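Read through the structure below, which is laid out as structure tokens, and then see the notes.
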Amino acid sequence: SSTFFLGSGNTFVSGGNGNIEISSSNFHLQSDGNITASKILISDARIVGGTANNAISNNSRFSFMGGGDNNSITNKSTSSLVGGGGGNVINNSSYTAIAGGFSGSVYDSPYSFAGGGQSNTISTGSDWSFIGGGLSNRINDTSSYSVIAGGRYNSINNYSYFSAILGGTDNYIGSGSG
């Protein structure tokens, strides 16, 4: 048979034309794929939106990809978020977010946030750090609890804990050169 219907009233399973629909008192899977449910339990969610090529690895549970293109959440980055943009990467950094922008990255720095902008990076043990936006800003080399609010080409490096750059261009905190 090309169609079927099991049940009655508002409690049923039906199918036809390549679609299936399931309905009960607290759950409804519509033929267009929408789900309405109460008291739903999701034990291992990975939600991926966007236009194309966005990915969340299987070991990055409870993570959300809001949109954009070529974004990824990988390597045990549990409970992380990429809001949109393109080419953004969260790797080995649980409870972390990149709100948008392009080519932003957070590596090995859990509990960190990159707000947007382009080519901003938080990496290598710089936990609990924040980049608000801007261009090519960097928090690296175990510089935890650090903030770059915006600007361009700013960096906090080399174990510079509890540091802040609030904006501007070519500012640097840490030993060595920027």
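The values are calculated or read from the model by the stated rules, or taken from the named source; none is laboratory data. Just so it is clear, the structure is predicted and the values come from calculations on it, not from any experiment. Because the Cβ atoms are built from the backbone with ideal geometry, glycine has one as well, and the counts that use them run over all protein chains shown. For accessibility, only protein heavy atoms count, side chains too; no ligands or nucleic acids. Shrake-Rupley method; radii C 1.70, N 1.55, O 1.52, S 1.80 Å.
Brief remarks follow.
- Filtered by the rule that a residue be more than 26 Å from LEU135 (Cβ to Cβ) and among the polar types (S, T, N, Q), the range 76-105 gives THR78, SER79, SER94.
- Test: residue in the range 106-116 that is among the charged types (D, E, K, R) and at positive phi: yes
- Residue within the range 134-157 that is touching an Asp or Glu at 6+ places or on another chain (Cβ under 9 Å) and aromatic (Phe, Trp, Tyr) present: yes
- Among the criteria (1) closer than 20 Å to GLY85 by Cα; (2) surrounded by 21 or more Cβ atoms within 10 Å (Cβ to Cβ), the one GLY132 does not fulfil is (2).
- Exactly one residue out of GLY132, GLY67, GLY87, GLY116 is modelled with pLDDT under 90 and within 24 Å of ARG152 (Cβ to Cβ): that is GLY116.
Every residue, every condition in (1) surrounded by fewer than 23 Cβ atoms within 10 Å (Cβ to Cβ); (2) without any contact (Cβ under 8 Å) to a residue 40 or more places away in the chain; (3) of a type in the set (A, V, I, L, M); (4) over 19 Å from ILE165 (Cβ atoms), yes or no:
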site	(1), (2), (3), (4)
ALA55	yes, yes, yes, yes
ASN59	yes, yes, no, yes
GLY67	yes, yes, no, yes
GLY84	yes, yes, no, yes
ILE90	no, yes, yes, yes
SER112	no, yes, no, no
ASN120	no, yes, no, no
THR142	yes, yes, no, no
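- Any chance SER103 is of a type in the set (S, T, N, Q), surrounded by fewer than 19 Cβ atoms within 10 Å (Cβ to Cβ) and over 12 Å from the mean Cα position of the chain (by Cα): yes
- When residues in the range 144-165 are screened for being touching a strand residue (DSSP E or B) at 6+ places or on another chain (Cβ under 8 Å), open to solvent by 30 Å² or more (accessible area, probe 1.4 Å) and of a type outside the set (Lys, Arg), 4 of them pass.
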